[in-house]
Structure formats: C-alpha cells, structure tokens
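Just below is one structure, and these are the notes that go with it.
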Amino acid sequence: MAYNRMSNYYDLLTDDQPYDKWKEIVGHFLKSSDNEILDIGCGTGRLTTKLLDFGNVSGLDLSAEMLEIAESRNPNIDWYCQDMRDLDLPKNYDVITIFCDSLNYVTDPEDVLQVFNYINNYLNKDGLLIFDVHSIHKMNHQFNNCNYIDESEHLTLTWQAIAGEEPNSVYHQMSFFAEREDGLYERFDEEHYQITFEIPLYKQLLEFAGFEVKNVFTDFNIDDYNEDGDRHFIVAQK
C-alpha cells in the first residue's frame, strides 16, 4: 500500500515512533559497523538514516511521495521505489530490515513467501533478515472496530480501525483535516488494509525460503516473547 497525500504529514504523525529502539535492535545483531543494509518500507527515511552508523544503507519503499521526502533528508543514500514482492536491485546486502509493520501490508501468505524468496536472493551468505509484524492480540483488541483521534497544531486525524473479513485483518480508514494557509481546513481520506499471521506460519514460510529462524521476541525486548504484546520481531539468517 502506497501512502499518497499522507506522505506530507507522515513525519508529524509518527514523531513519537521508537526509531532509536529499532536501531538498537539492528545493532544488537550486527558484528561490525561495515555492513551493506537495505531498509524495506523505509517511508521518509527517518530510521534509514540512523542505520548509517552500521555501514552503507539503502532504502526501499512503494511510495514515490515518501521517497521524495527521504531523498531530501539524505540525497547520498540510494533510494529505490519498488514493491517488496518484486525486487530488482543492483547489489546484495548483509542485512535487510522490514520494520514498522510494513510486512503486514502483504496480505497473502504466498506473497509473503515471495517477499522472503526475493530477500534471500539479495542477501549475502549468512545475511540477516530482521522484521516486525502486528501481534494477533493487537489485531483483536486495539484494531477491532476502534476509533482514535490524533491532534496536532495544524493537523487533525480521525482513524477508524475496522476489522476485516479475513481473520486478523484490519481496514485503517483515516480522515485528515489539514490547515491551509488561509486558516481553513481541507479534508482528505486514505484507506489502508493490513493482515497478520500466526508466528508459526511466518517461521514456516521463512524455512521454505531457505532461512533459519534465529530469534523471535516481542515489543523490542530481545529476551522475551509474549503473545499478549503488540509487536513481534523475527530474526532469520540465510
């Protein structure tokens, strides 16, 4: 799912996201600071630029609008506008990340397997894939027909999380009210669809794609797996 007009406000809406914690996760599993890293689902590049501490970094996203902002943040990074289900890259990597529940936009297990197969092709020997997904618990409690409002100085977001027809799926129906230069507010709407699968299925698909699962943990706590948490992480090695 590409972000359209929302890209202009993405950094404002995600200002409280734990980018430093994602960075710490990557650093924990690296043995050096001389790595080739690809950040899939990079958005506007806020995390991608932080990963420069660990080596040479590239960013990939489906949204050209997001990448335009990312490139303005750091024009020296290679930014690729591609679908993670159909990668065409010029080199291989030591680490590939898919954070901020970006993989939850891939809503069919066969497509998830396709993503893993492509990533395996572009990882060096013993390379790592690190990603996170929404938990089943989060889908059924925080995203189960719930409403949210997010207000800032120049933007108001109303967000309906509507349970989808498929198990553990959600439609994010978002209405934005953005202040114009004349002081009036303009409304625009976006809808995103996500689904999550049981951790054993992700592990099975990884194994089908030639990976060995090294670690599974929850909510940035490398030493803990909790089914009642919000976000599960999986680390897999080629």
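All of the numbers you see were taken from the coordinates with simple rules; none came from a lab. For clarity, every value in this text was computed on a predicted model and none was experimentally measured. Because the Cβ atoms are built from the backbone with ideal geometry, glycine has one as well, and the counts that use them run over all protein chains shown.
What the table below lists for this structure:
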item	result
Cα-based shape type of the range 51-160, given that a ≥ b ≥ c are square roots of the gyration tensor eigenvalues and the cut on a/c is 1.5	oblate
Protection proxy ranking, peptides 102-108, 215-221, average beta carbon neighbours within 10 Å, highest first	102-108, 215-221
Volume per residue of the C-alpha convex hull in the range 137-195, rounded to whole Å³	69
Sequence ranges 161-167, 91-97, ranked by mean other-Cβ count within 10 angstrom, highest first	91-97, 161-167
Approximate spin-label separation SER33-SER175, in nm, with each point projected 7 Å along Cα-to-Cβ	5.0
Degrees, to the nearest 10: 19-29 long Cα axis against longest axis of the chain	10
Distance (nanometres) between label positions extended 7 Å along Cα→Cβ at HIS141 and GLU166	2.4
Percent antiparallel among DSSP beta bridges (both partners in the chain, rounded to 5)	70
For the range 185-207 versus the range 57-77, the gap between their alpha-carbon centres in whole angstrom	22
Cα-based helix-to-principal-axis angle, 109-121 vs the chain, degrees rounded to 10	50
Rounded tilt (10° steps) of 199-208 against the dominant C-alpha axis of the chain	50
R0 of 22 Å, Cβ-Cβ distance ARG73-ASP111: FRET efficiency to nearest 0.05	0.15
Net lengthening on full extension, ASN121/ASP20 (0.36 nm per residue, minus Cα-Cα)	33.5 nm
Neighbour-count order for ARG231, ARG187, fewest beta carbons within 10 angstrom listed first	ARG187, ARG231
Length-normalised contact order for the range 137-195 - Cα pairs under 8 Å, 6+ apart - percent	27
Fraction of the pair-distance distribution of the chain above 30 Å, Cα-Cα pairs, percent	24
Rel. contact order, % - alpha carbon contacts under 8 angstrom, at least six apart, the chain	17
